[in-house]
Amino acid sequence: MPSTTAAGRPKAWIIATVAASCVAVAGIATAAVIGFQGPAQASAATPPASSSSSGQYQPGSGGHGLTPANTPATPVVVPSVAVKLLQQQLAQLNYYNGSITGYENAQTINAITYLQRDAHLPQTGQLNNATRAALNSMLVHGNNQMAGN
């Protein structure tokens with residue numbers, strides 16, 4: 001006869017219940033850790049979805065625990081006030097002629113590169129301290145490079 005508890009249940013049943021509870025807690029803890037990592041780290045911790053378009057839901061990094069299969073999590077990008085001002089300043093100097101959107105786009109990077117060229121700076125397309133100083137100087141004193149072209 002198997003060993004039982006005072007409540008009349010087999011001890012094996014209690015062991016199985018405790019083991020199942022431990023597995024559930026481990027799963028919850030793992031989900032919490034992945035959820036708190038954010039999209040970049042969680043996607044590295046989560047195995048990639050299969051290439052089939054089954055429409056099944058798989059654990060993802062969307063913050064709610066479910067992401068449709070084969071659908072990467074898309075971060076929300078908001079316009080930057082700093083980029084909008086930069087585009088306006090570059091447009092004032094005739095380096096940028098696109099829409100003033102606040103989003104750094106190819107036209108913004110090209111405009112920065114042209115400004116760097118005219119200021120005799122390394123043409124990286126990135127706004128660094130030297131490029132910012134050249135931009136500010138051109139805004140105050142005008143772009144002498146443009147007059148000669």
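Is it the case that some residue within region 105-115 is surrounded by fewer than 18 Cβ atoms within 10 Å (Cβ to Cβ), among the small types (Gly, Ala, Ser) and out of contact with any strand residue (DSSP E or B) (no Cβ under 6 Å at 6 or more places or on another chain)? Yes; the residues of region 105-115 include at least one that is surrounded by fewer than 18 Cβ atoms within 10 Å (Cβ to Cβ), among the small types (Gly, Ala, Ser) and out of contact with any strand residue (DSSP E or B) (no Cβ under 6 Å at 6 or more places or on another chain). Filtering region 86-109 to residues that are within 23 Å of the chain's Cα centre (by Cα) and assigned to a helix (DSSP H, G or I) leaves Leu86, Gln87, Ala106, Gln107, Thr108, Ile109. Condition check for Asn143 on (1) more than 26 Å from the chain's Cα centre (by Cα); (2) at pLDDT 95 or above: one failure, at (2).
Filtering region 126-140 down to residues that are crowded, with 17+ Cβ neighbours inside 10 Å and under 28 Å from the mean Cα position of the chain (by Cα), which residue is nearest to Ala82 (Cα to Cα)?
Taking region 126-140 and keeping what is crowded, with 17+ Cβ neighbours inside 10 Å, we get 127, 131, 134-135, 138.
Next cut, under 28 Å from the mean Cα position of the chain (by Cα) only: 127, 131.
Details: Leu127: 11, Thr131: 15 Å.
Step by step, filter region 126-140, then rank; the result is Leu127.
Which residue out of Gly38, Gly27 is under 17 Å from the mean Cα position of the chain (by Cα) and at pLDDT below 80?
Numbers: Gly27 fails: under 17 Å from the mean Cα position of the chain (by Cα).
Result of the check over Gly38, Gly27: Gly38.
The values are calculated or read from the model by the stated rules, or taken from the named source; none is laboratory data. Predicted, not measured: the structure shown is a model, and the values here were computed from it. Glycine also receives a Cβ, built like all others from the backbone with ideal geometry; neighbour counts cover every protein chain displayed.
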